[in-house]
1. Would you mind finding the one in LYS109, LYS123 that is out of contact with any Pro (no Cβ under 9 Å at 6 or more places or on another chain) and touching a residue at least 12 places away in the same chain (Cβ under 8 Å)?
2. Could you list, in sequence order, all residues of the stretch 126-156 that are closer than 19 Å to ILE83 by Cα and more than 15 Å from the chain's Cα centre (by Cα)?
3. Which pairs do you get when a residue that is under 19 Å from ILE146 (Cα atoms) and in a strand (DSSP E or B), found in the stretch 73-92, comes within reach of a residue that is acidic (Asp, Glu) and open to solvent by 20 Å² or more (accessible area, probe 1.4 Å), reach meaning Cβ atoms under 6 angstrom, with the pair 6+ apart or on two chains?
4. If you go through the stretch 96-109 one residue at a time, how many are outside any strand (DSSP E or B) and either closer than 17 Å to GLN11 by Cα or under 13 Å from the mean Cα position of the chain (by Cα) (or both)?
5. Given (1) in contact with a helix residue (DSSP H, G or I) (Cβ under 7 Å, 6 or more places away or on another chain); (2) crowded, with 18+ Cβ neighbours inside 10 Å, where does GLY113 come up short, assuming only one miss?
Amino acid sequence: MKKNRKNGGTQYVKHRTTRTRDPGKHRQHRKNLRSHQHQIEPLGFRLNEKNLKRAGMDYWEHLDVRTYIDYNDFLEKNPGAKIYMATTKAPKVYTEVNYEPDCYIMFGKESAGIPEEILVDHKEDCVRIPMVGDIRSLNLGNSVAIVLYEALRQNGFAGMNLEGHLHELHW
């Protein structure tokens, strides 16, 4: 199976997200894309054994999830990080950016997004997914997949299988 040499290293950051309706979708993103997830508190849910088990996430210890007490803690622990911020308020579309192989893409909670206090100093790094009308936003998991896959595409899908095969028949 044709495979690229290495993972591009693109990572995503969830800023103050609320309880996800589909934790399995976010797990699939991390597992399938081999990306790291960074979560900035406060979270709308607890990362304890009972809640993770109820969500069917008994594999949590195998995932690379890093948690920070706030945005400044994230910046301190990731000095020099190139961060793109996905927001409905951005002046440019996510496809207009050249994503570096080791960049971070930040997403806010579905109900409010990334706080404007953070966005205001990062206009050039803000990107949006085009939508019809003035709807609030897309589902967070879908938004992560759309933007993250664009970053991976631009970096040649590093570390990913580029070719599939039929299971029972041959092409």
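1. Unique residue meeting the criteria: LYS109.
2. Correct list: GLN154, ASN155.
3. Listed pairs, sorted by first residue: TYR84/ASP125; MET85/ASP125.
4. Number of matching residues: 7.
5. GLY113 satisfies all of (1) in contact with a helix residue (DSSP H, G or I) (Cβ under 7 Å, 6 or more places away or on another chain); (2) crowded, with 18+ Cβ neighbours inside 10 Å except (1).
The values are calculated or read from the model by the stated rules, or taken from the named source; none is laboratory data. Keep in mind the model is a prediction, meaning the values are calculated, not measured. Please note: Cβ atoms are built from the backbone with ideal geometry, for glycine as well, and neighbour counts cover all protein chains shown. Note: areas computed on protein heavy atoms with side chains; ligands, DNA, RNA excluded. Shrake-Rupley method; radii C 1.70, N 1.55, O 1.52, S 1.80 Å.
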